[in-house]
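Here's the structure, in structure tokens; my notes come after.
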Amino acid sequence: GMSPKEFEASMSVIPELNNFLEENGYKEFEISTPNIIYAKCNKEEFILVMENLKELGYETYPKAKFLDLYHAKIAVENLAKLHAVSYVYDKSHDFQNKFPRFALNDLQLLYLEMMNGQFIDITISYLKSREDLLYLGNKLEKSKESLLNQYGEMLRDKQSNKIMCLNHGDYWSNNFMLKYAQEEESERKIDQFKIIDLQMMHWNTSVLDLHYMLNFSTRRAFRKEHREEILQNYHSMFCEATSKMGVLPANWTYEQFKKEFDRCKIYGFFRGLLVLSFVFAECSKDMRKDNYVSKEAYTGPTPLQRKLIYKFNDFFMGNKKASETLFYLMAIPIGKELKSGENKLLNDLIIDIVTEADEFGILDCNHENV
């Protein structure tokens, strides 16, 4: 379902940023999203109808294929434009004052931390069920409370040198649509790029979207080989855009940007665990349907429960115990699927995320390494 935040992002925020660009002669950095055909938001109606991009020749990148270097670089260039435009706009228009809905508040942070708690538990349980991964499971279990605390501290941090801007919040390969130039299949070049699904947008440090995209839309071996090149590509585009708009940050060299990226590695770890589980677990496909299949195997919320959850979303957001119960119900079937070993891709992705976190020192409970 569409959220009030997505409505405001589509109808107010993106048009406002693009108008700002046009008025100041920076149209080359326009943020491209689908055109709105019909929109209404009141007590009776809550509707946002967008153009059908598939009919216009756009397509999504196959999620199970994961991004290659060409697509990853195009993705971060477009992300850098969104970040740069919102950063520059804020300097003269005070974004948070104009759009207060996009601040990440304490209630939302608590919500995220509870989700993290449930999904780190099923990951620990899975790792400890395998003799070859017992070491990682034990290490993750010992560092669990410290990791959860560090995650909250990282998002609430007011001290570090960072670029505050509008984050997409759910920036991965299924949330941008691509139109290719008419060329040979082997050399497909992207002609048009549109960003979709704006309901998770929020104001925070710019590196969060990068962690999210890298840990969700690429594989560990790819990240090891290309992370530096992709980050340099992003930083270069961000600096080019802000410089052309006359607001290049004074203390934002690549080394300073990389320090902030490294500070927030724990974000990529937790979001990777959570979102990969939801998207690549077979049982989560059932959770997203009105009618779930394989009733014997499925132990998550029923269709009726899910409708009630959506209807009473404010209650769940404001009630800690109800939220914990909800996340527990959602995590159970994913935990069972992990332990079954039947979904090799899901298992490999989760192992990748935890192994990478261990390589980065995140599981060592040393705050300086996070």
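The values are calculated or read from the model by the stated rules, or taken from the named source; none is laboratory data. These numbers were taken from a predicted model, which means no experiment stands behind them. As a convention, Cβ positions derive from the backbone with ideal geometry for all residues, glycine included, and neighbour counts pool all protein chains shown. Note: accessible area is taken over every heavy atom of the protein model, side chains too, but ligands, DNA and RNA are not part of it. Shrake-Rupley method; radii C 1.70, N 1.55, O 1.52, S 1.80 Å.
What the table below lists for this structure:
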read-out: Selection count, the range 49-61, where residues are assigned to a loop (DSSP other than H, G, I, E, B) and either over 17 Å from S10 (Cα atoms) or touching a Ser or Thr at 6+ places or on another chain (Cβ under 6 Å) (or both); value: 3
read-out: Criterion: at pLDDT 95 or above and touching a Ser or Thr at 6+ places or on another chain (Cβ under 9 Å) - qualifying residue of F95, F29; value: F95
read-out: Boolean, L134 is on the phi < 0 side of the Ramachandran plot and buried (at least 19 other Cβ atoms within 10 Å of the Cβ); value: no
read-out: Any chance E59 is open to solvent by 60 Å² or more (accessible area, probe 1.4 Å), touching a strand residue (DSSP E or B) at 6+ places or on another chain (Cβ under 7 Å) and within 19 Å of Y171 (Cα to Cα); value: yes
read-out: Pick from the range 237-248, criterion in contact (Cβ under 8 Å) with a residue 40 or more places away in the chain and within 29 Å of E356 (Cβ to Cβ), ranking: surrounded by the fewest Cβ atoms within 10 Å (Cβ to Cβ); value: M237
read-out: Count - residues of the range 1-48 that are in contact (Cβ under 8 Å) with a residue 24 or more places away in the chain, in a loop (DSSP other than H, G, I, E, B) and small (G, A, S); value: 3
read-out: Among (1) within 30 Å of R188 (Cα to Cα); (2) in contact with a strand residue (DSSP E or B) (Cβ under 9 Å, 6 or more places away or on another chain) - the single one F29 does not satisfy; value: (2)
read-out: In the range 63-76, residue nearest to C165 (Cα to Cα) [restricted to those that are part of a helix (DSSP H, G or I) and open to solvent by 50 Å² or more (accessible area, probe 1.4 Å)]; value: K73
read-out: Options N19, N105; residue that is open to solvent by 60 Å² or more (accessible area, probe 1.4 Å), more than 21 Å from the chain's Cα centre (by Cα), closer than 22 Å to M164 by Cα and not β-branched (V, I, T); value: N19
read-out: Listing of helices (runs of 4 or more DSSP H) fully contained in the range 258-348 that carry 2 or more residues being within 30 Å of N105 (Cβ to Cβ), at pLDDT 70 or above and open to solvent by 20 Å² or more (accessible area, probe 1.4 Å); value: 265-280, 320-340
read-out: Residues within the range 29-67 that are under 23 Å from E240 (Cβ atoms) and not small (G, A, S), tallied; value: 5
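Residues checked against (1) surrounded by 14 or more Cβ atoms within 10 Å (Cβ to Cβ); (2) at pLDDT 95 or above:
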| site | (1), (2) |
| --- | --- |
| L109 | yes, no |
| M114 | yes, no |
| S129 | yes, yes |
| E153 | no, no |
| Q159 | no, no |
| R188 | yes, no |
| F193 | yes, yes |
